[in-house]
Amino acid sequence: MVWRSPPDPSTRAPPSMMYRAKRCLQLADPLLRSGFYSLKAVAASPSITRALCSDGGAAGPTGRAVIIITRRDGNRKQTKTHGPAVGPVRLRHTADFLPKSVFAAGTAKRTKEMLRRKAALASLSDEQQEEQVEEEAQREDQEAVGRRRQARKDEPPARPLSVAEWRQMKEASYSPKRFDFHMMTSLLNSGAELDIAKSLLSFVAMETGTLSYELLLRYLTACVRDGHDGEVTDVYEIMRARFPLLETGACSLFIQSFSRTPRWREALDILRHINKVSLPSPRDYGKVIAGAVMHGDWATAWALYDELTDKGLSPRQDTWEVLFRGGPSGTRSEAEQDGTGRPGSVSQSEQQERLLAILHNMRNNQVYPQQRLVDAIKTWFESLPGQKWKAGWTTVNPKGVCRCCGSSLESIHLTTEEYHQLKDVVMTSIIQGRDVFKKTTPEELDQFKEFVKRRPVFDVVVDGLNVARTGKQDGRKAETLLAVVSELESQGQVVLVLGRKHMLSSRSWDQRSMMLIQKKAHCFFTDNISEDDPFLLYAALHSGNHCRFVSRDLMRDHKACLPDGGSRRLFFKWQRGHQLVVNGFTPNRRVQFQHILGYDTIIQTWDNTWHIPYDDSVEERTSHEVPQRWLCLTKTH
């Protein structure tokens with residue numbers, strides 16, 4: 001063990017203003033959880049006052065630091081703290097960054113960051129945090145210096161070099177044997193001028209008398225990336241002559257380049273070649289489709305699109321964007337043909353029908369267009385001849401009404417037919433599936449089914465262990481669960497609590513609270529090794545379409561067990577409409593649940609309107625989250 005004396009505060013460099021602001025945010029964050037008017041507690045916190053002081057010590061008698069809290073309505077409130085004046089530190093109101101729903105876009109990222117900050121604050125004292133920041137900064141600086149020193153000798157040149165200059169550089173290299181490969185990679189990564197890479201190829205050819213496949217492949221990558229399509233043609237001739245077979249990576253690069261030139265039909269030939277030995281990627285299909293659209297051969301473009309989908313591949317969004325951006329101007333009458341004598345275009349009515357079919361396909365597969373694609377969709381609707389479409393970017397209010405046109409969106413709740421379809425597939429794939437007995441036993445599952453049969457229909461099913469962990473204090477799990485059950489009972493709900501048998505005997509579970517829970521709700525306790533998710537799904541779906549469940553578990557594993565995309569979409573829809581999530585429970589305060597949106601986030605159309613939810617560039621969305629922004633399209637007469 002190495003003993004290190006604590007640092008002398010008098011020798012420590014004063015923390016920067018940016019650091020003091022970040023420390024203030026970190027320290028204020030837990031105090032602001034209880035709401036806006038807990039600001040007095042923030043202002044009175046010695047650790048925050050110290051964080052705002054320039055010397056990191058106790059606050060002096062002169063000057064005051066100002067903390068400005070900006071609320072969602074734009075109003076501001078200032079609180080003065082003792083200490084030197086360091087300028088305003090702006091803290092967002094809690095509602096600006098705490099998500100309203102676990103299914104809202106950006107929630108997962110914000111929650112992960114919040115938990116990371118809380119864990120860091122809990123594990124370190126103020127002085128330890130300052131030391132850690134300083135040590136990490138020093139370590140990063142040292143590592144950066146080392147990397148710069150190591151890379152200096154192999155740094156790409158700023159101009160083309162002669163053979164003699166390349167030879168001299170190779171001899172001074174850290175790895176002369178792989179110099180050409182590493183240097184070409186560096187040129188590619190740094191975005192250097194192509195002439196520099198060409199001079200490197202000339203040096204290698206003169207030194208060795210040949211050019212390796214991997215070296216040409218990296219040079220080809222640079223040519224394609226920077227749009228040097230004429231150079232790509234030369235590389236294609238060289239590689240075809242020297243190598244009998246080209247792997248799919250090189251073929252994809254040639255397809256990408258040729259598709260944007262008059263040689264686009266050669267890209268089609270390369271795609272056919274790939275088809276003989278393997279399955280082309282959706283990207284390869286999309287590039288050739290783009291080439292066909294660019295050169296007006298819509299018949300080939302749609303034939304390739306059908307081939308892509310028939311192979312079970314999912315089109316890329318940039319492929320859809322190309323098709324929508326082709327628009328009515330890319331179509332001609334059915335009688336017109338291209339120069340080859342083959343039909344080269346489709347009728348406007350067929351084009352419109354096919355593009356609308358893409359939107360329905362996106363709806364059925366719950367695909368959300370990204371910003372570029374939704375812009376193309378908007379432009380296409382506005383350009384339709386003889387039709388007047390009004391477009392607007394909008395959001396939807398909590399009641400499910402579009403703020404642009406005033407239309408009500410589709411309900412999140414399943415129809416009777418959808419509910420029975422989902423119930424059947426969940427019972428077959430999850431409850432009776434082969435993997436269910438890894439989580440329980442046949443005897444226990446039969447016992448539970450008999451238990452449910454003898455009880456009244458449940459309104460809410462509670463995942464006891466999951467809900468108990470909602471509280472901030474681990475030692476009060478039973479009290480947390482009791483508070484949630486009591487809130488549901490006060491609403492007149494018939495409640496089922498699922499737990500494990502250790503909850504009835506463990507010292508970490510307050511037994512008085514557990515007794516009260518059993519008086520307020522029906523309870524079923526599984527073996528300690530069992531998982532309760534299958535029991536929760538069975539009880540909720542068996543009770544009817546009205547029954548909700550309380551848990552923070554997103555059940556992605558269970559959704560993945562379902563046999564097809566349609567059933568997985570139904571499960572996700574049911575989950576968003578029935579899952580209650582406790583909204584940051586605090587002891588001695590009333591339990592609140594996150595609001596369940598009443599509308600479905602999916603592409604919708606009716607009565608000459610389209611509503612398209614889309615991914616914007618602000619909120620990073622994970623697979624279990626849905627967008628919050630919409631494109632509203634209304635046909636005017």
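The values are calculated or read from the model by the stated rules, or taken from the named source; none is laboratory data. This one's a predicted model, so the numbers in the text were calculated from it and none came from an experiment. Cβ atoms come from the backbone with ideal geometry, glycine included; neighbour counts cover every protein chain shown. Areas reflect the complete protein model, heavy atoms only, side chains present, ligands, DNA and RNA absent. Shrake-Rupley method; radii C 1.70, N 1.55, O 1.52, S 1.80 Å.
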Checklist outcome for this item: So the carbon and sulfur contribution to the accessible area of the range 510-637, 1.4 Å probe, in percent, is 45
Next on the checklist: Per residue of the range 522-530, what does 6.51 cos²θ - 1.76 cosθ + 1.60 with θ = phi - 60° give for ³J(HN,Hα)? Whole Hz please, x for Gly and Pro, Karplus curve as stated.
Outcome noted: 6, 10, 9, 10, 7, 4, 5, 8, 7
Next on the checklist: What does the charge count around residue 273 come to, taking other residues whose C-beta lies under 14 Å from its C-beta (Lys +1, Arg +1, Asp -1, Glu -1)?
Outcome noted: 0
Checklist outcome for this item: Of the convex hull enclosing the alpha-carbon atoms of the range 506-578, the direction-averaged projected area in nm² is 6.3
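List, in the order given, every pair from 453/477; 177/198; 449/501; 453/501; 453/520 whose Cα-Cα distance in the structure shown is over 27 Å. Don't skip to the end; give the middle numbers.
Working: 453/477 29 Å; 177/198 20 Å; 449/501 18 Å; 453/501 21 Å; 453/520 19 Å.
From the list (453/477; 177/198; 449/501; 453/501; 453/520), the Cα-Cα distance tops 27 Å for 453/477.
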Checklist entry - From the backbone phi of the range 501-518, what are the Karplus-calculated ³J(HN,Hα) couplings (6.51 cos²θ - 1.76 cosθ + 1.60, θ = phi - 60°) in whole Hz, Gly and Pro given as x? => result 5, 5, 5, 8, 9, 5, 5, 6, 10, 4, 6, 5, 5, 5, 5, 5, 4, 5
Item to check | For the range 400-422 and the range 604-633, distance of Cα centres in Å | outcome: 14
Checklist outcome for this item: Once both label points are put 7 Å beyond Cα along the C-beta direction, the residue 159-residue 616 separation in nm becomes 4.9
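Would you mind giving the average projected area, over all directions, of the Cα convex hull of the range 578-637 in nm² with one decimal? All intermediate terms of the calculation are to be shown ahead of the outcome.
Numbers: hull surface 26.2 nm².
Seen from a random direction, the Cα hull of the range 578-637 projects 6.6 nm² on average.
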Checklist outcome for this item: Given 448-459, 283-294, 370-381, the highest-first ranking by average Cβ count within 10 Å works out to 283-294, 370-381, 448-459
Next on the checklist: Taking the full set of protein chains and a 1.4 angstrom probe, give the accessible area of residue 269 in square angstrom, rounded to the nearest 10.
Outcome noted: 100
Checklist outcome for this item: In order over the range 602-615: 3J(HN,Hα) from phi, Karplus 6.51/-1.76/1.60, θ = phi - 60°, whole Hz, x for each Gly or Pro, gives 7, 4, 9, 8, 5, 6, 6, 10, 10, 10, 10, x, 9, 7
Next on the checklist: Probe radius 1.4 Å, ligands and nucleic acids ignored: give me the carbon and sulfur share of the accessible area of the range 221-281 as a rounded percent.
Outcome noted: 56
Checklist entry - Given H placed 1.01 Å from N in the peptide plane, which residues other than close sequence neighbours of residue 526 have an amide H under 5 Å from its amide H? => result 499, 500, 501
Checklist entry - How do 538-544, 229-235 rank on mean C-beta neighbours within 10 Å, highest first? => result 538-544, 229-235
Item to check | For the range 172-287: span of alpha carbons on each principal axis (Å, largest first) | outcome: 46, 26, 21
Checklist entry - Got the relative contact order for the range 483-637 handy, in percent, Cα pairs under 8 Å and 6 or more residues apart? => result 15
Next on the checklist: Show me the three semi-axes of the equivalent ellipsoid for the range 357-457, from the C-alpha gyration tensor (sqrt of 5 times each eigenvalue), largest first, rounded to whole Å.
Outcome noted: 45, 18, 12
Checklist entry - On average, how much accessible surface per residue is there in the range 533-593, in Å², for a 1.4 Å probe, leaving out ligands, DNA and RNA? => result 38
Item to check | Average Cα contact separation per residue, the range 555-616, under 8 Å, 6 or more apart, as relative contact order % | outcome: 19
Checklist entry - Based on Cα positions only, what radius of gyration and what Dmax would you give for the range 187-249, in angstroms? => result 11.4, 31
Next on the checklist: Please compute, over every Cα-Cα pair in the range 514-631, the percentage with a separation greater than 18 angstrom.
Outcome noted: 67
Checklist entry - Is the shape of the range 467-530 rounded, prolate or oblate, going by the alpha carbon gyration tensor and its root eigenvalues a ≥ b ≥ c, with a/c under 1.5 for rounded and a/b larger than b/c for prolate? => result oblate
Checklist entry - Cα convex hull of the range 454-561: how many Å³ per residue? => result 110
Item to check | Proportion of all alpha-carbon pairs of the range 440-504 beyond 20 Å (%) | outcome: 37
Checklist entry - Can you give the convex hull volume per residue for the Cα atoms of the range 343-388, as a whole number of Å³? => result 98
Next on the checklist: How large is the direction-averaged shadow of the alpha-carbon convex hull of the range 289-329, in nm²?
Outcome noted: 2.6
